[in-house]
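Working notes for the structure below.
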Amino acid sequence: MADSKLQGTRVLLGVTGSIAAYKAVGLLRTLMGHGADVSVVMTDSATRFIAPLTFEVLSKHPVATDIFSGHQDMPHLSLPESVDLIVLAPCTANTIAQFALGLADNLLSTLLLTTQCPVLIAPAMDGDMWEQPVIKQHVQTLRARGVVVLEPEVGELASGKFGRGRLPNEETIVEAVCEQVAATKELAGRRILISAGPTREPIDAVRFISNGSSGKMGYALARAAHKRGAEVTLVSGPTSLHPLWGVECVSVQTAEEMSQALQSRFGAADVLIMTAAVGDFRPLHRREEKLKKRDWQGEPIELERTTDILAALSAQRTHQLLIGFAAETNDLIENGREKLEKKRLDMVVVNQVGGRDSAFDNETNEVIVLTRHGKVTPMPRMSKHLVANRILDELQEFQLASPALPPQSLSKHYSESK
């Protein structure tokens with residue numbers, strides 16, 4: 001029985017139009033035998049060598065072949081976001097050229113332009129093609145971008161010639177996959193607690209006070225942290241987003257429910273990332289039934305403050321690193337620094353809300369990361385998926401430079417920095 005060195009790893013296997021396509025079946029089974037969850041994308045040419053049904057039955061996942069009739073909405077975006085590694089095996093000279101030049105005329109080449117996860121290529125082609133200067137240049141280009149391109153093997157080729165161009169053997173490919181997965185699991189063993197989305201404070205049985213947060217930033221961080229090997233718990237307010245594979249998802253509604261969910265899990269966490277837009281106020285009195293228009297005489301709705309969750313958790317910290325988010329309409333750096341110091345945080349991520357480019361309910365974000373050491377890192381507008389990975393990069397750098405500090409040490413640190 002195979003070991004589980006790839007347990008919990010999600011792999012996207014891209015199969016292109018090579019005579020070696022049949023070997024991808026054995027590779028699929030071996031990867032699954034090591035514990036990987038494998039989905040398959042095939043080019044149209046690949047389906048001429050082997051039927052998609054073979055991969056569907058073995059992988060227990062639908063095979064995606066067409067960007068316009070995929071098994072899910074926008075598969076060129078959703079597929080690469082849901083996996084830890086893309087493996088192209090076999091990969092033809094044509095697909096290598098498309099990838100290097102940024103061309104996209106099918107589902108596989110299009111998703112390669114959108115992915116942020118590692119890509120491993122196992123080439124298979126005639127020896128004369130592999131030796132062509134233009135192919136060598138494309139391979140060099142891809143390797144310079146961080147793509148792992150294995151060397152094809154020497155042997156008898158489909159043309160009958162003898163040369164370098166055979167698909168690397170299965171053992172070589174699997175070993176390379178394991179190395180890539182190990183290299184991207186820098187957060188393995190870390191327990192990260194993330195909050196996301198808005199909270200809702202009921203006025204009556206149908207109405208509530210809330211805000212425009214979509215939860216997309218928190219979900220992007222949870223997905224990115226999981227891909228890096230962390231054990232992730234996501235405490236989410238009400239959103240339209242689907243639960244994430246491999247992430248413990250806890251659904252809450254009110255600020256008090258979010259506080260309780262975070263409090264009960266905070267002690268076991270190594271890092272808290274507080275992206276949730278928690279409501280600052282709630283109605284002092286909630287009506288259990290629906291308030292009818294005829295019964296309302298214009299009385300004001302009295303409000304009271306909700307618990308400052310981040311401040312409360314900061315006061316209880318023992319070993320945790322704390323990252324807060326600050327949603328601001330103006331004076332981003334000044335207000336971010338105030339939150340950083342007041343709540344004794346290690347890092348704060350400031351984003352702008354309000355207006356056309358608001359961080360709320362947007363696919364992109366533009367943030368500034370501040371640390372307690374005084375480092376200021378502006379990040380240009382990009383997808384929230386990219387922002388999430390950049391924030392985790394900053395977290396990794398911060399952890400290497402400085403461990404978390406208990407409250408008393410942080411108080412001294414902020415007093416001395418003034």
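The values are calculated or read from the model by the stated rules, or taken from the named source; none is laboratory data. Quick caveat: nothing in here was measured; it's all calculated off a predicted structure. Note that we place each Cβ from the backbone using ideal geometry, even for glycine, and neighbour counts take in every protein chain shown.
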Any chance you could count how many residues in segment 281-326 are of a type outside the set (S, T, N, Q), assigned to a loop (DSSP other than H, G, I, E, B) and at negative phi?
17
Gly212 meets each of (1) in contact with a Phe, Trp or Tyr (Cβ under 9 Å, 6 or more places away or on another chain); (2) surrounded by 17 or more Cβ atoms within 10 Å (Cβ to Cβ); (3) assigned to a loop (DSSP other than H, G, I, E, B) with one exception, condition (2)
Please specify each residue of segment 184-209 satisfying the condition of being of a type in the set (Gly, Ala, Ser) and either in contact with a Ser or Thr (Cβ under 7 Å, 6 or more places away or on another chain) or part of a helix (DSSP H, G or I) (or both).
Ser195, Ala196, Gly197
Restricting segment 114-123 to residues that are over 16 Å from the mean Cα position of the chain (by Cα) and either in contact (Cβ under 8 Å) with a residue 40 or more places away in the chain or over 27 Å from Glu153 (Cβ atoms) (or both), which is surrounded by the fewest Cβ atoms within 10 Å (Cβ to Cβ)?
Leu120
Looking at segment 385-403, is at least one residue assigned to a loop (DSSP other than H, G, I, E, B) and either charged (D, E, K, R) or modelled with pLDDT of 95 or more (or both)?
no
Report, by residue number, each residue of segment 235-272 that is part of a strand (DSSP E or B) and in contact with a helix residue (DSSP H, G or I) (Cβ under 6 Å, 6 or more places away or on another chain).
Val235, Val250
Which one is nearest to Glu175 (Cα to Cα) among residues in segment 17-58 that are under 26 Å from the mean Cα position of the chain (by Cα) and in a loop (DSSP other than H, G, I, E, B)?
His34
Taking the condition in contact with a helix residue (DSSP H, G or I) (Cβ under 7 Å, 6 or more places away or on another chain) and either farther than 30 Å from Ala36 by Cα or aliphatic (A, V, I, L, M) (or both), does Gly279 pass?
yes
Out of Val154, Val232, Val181, Val177, I need the residue that is touching a helix residue (DSSP H, G or I) at 6+ places or on another chain (Cβ under 9 Å) and either part of a helix (DSSP H, G or I) or charged (D, E, K, R) (or both). Which one?
Val177
Among residues belonging to segment 182-209 that are among the aliphatic types (A, V, I, L, M) and buried (at least 23 other Cβ atoms within 10 Å of the Cβ), point out the one that is farthest from Val148 (Cα to Cα).
Ala196
Pick from segment 3-27 the residues that are surrounded by fewer than 23 Cβ atoms within 10 Å (Cβ to Cβ) and touching a Ser or Thr at 6+ places or on another chain (Cβ under 7 Å): which of them is nearest to Asp84 (Cα to Cα)?
Arg10
Mind listing just one residue for me: the one in segment 189-213 that is modelled with pLDDT of 90 or more and of a type in the set (S, T, N, Q) and, of those, farthest from Leu6 (Cα to Cα)?
Ser210
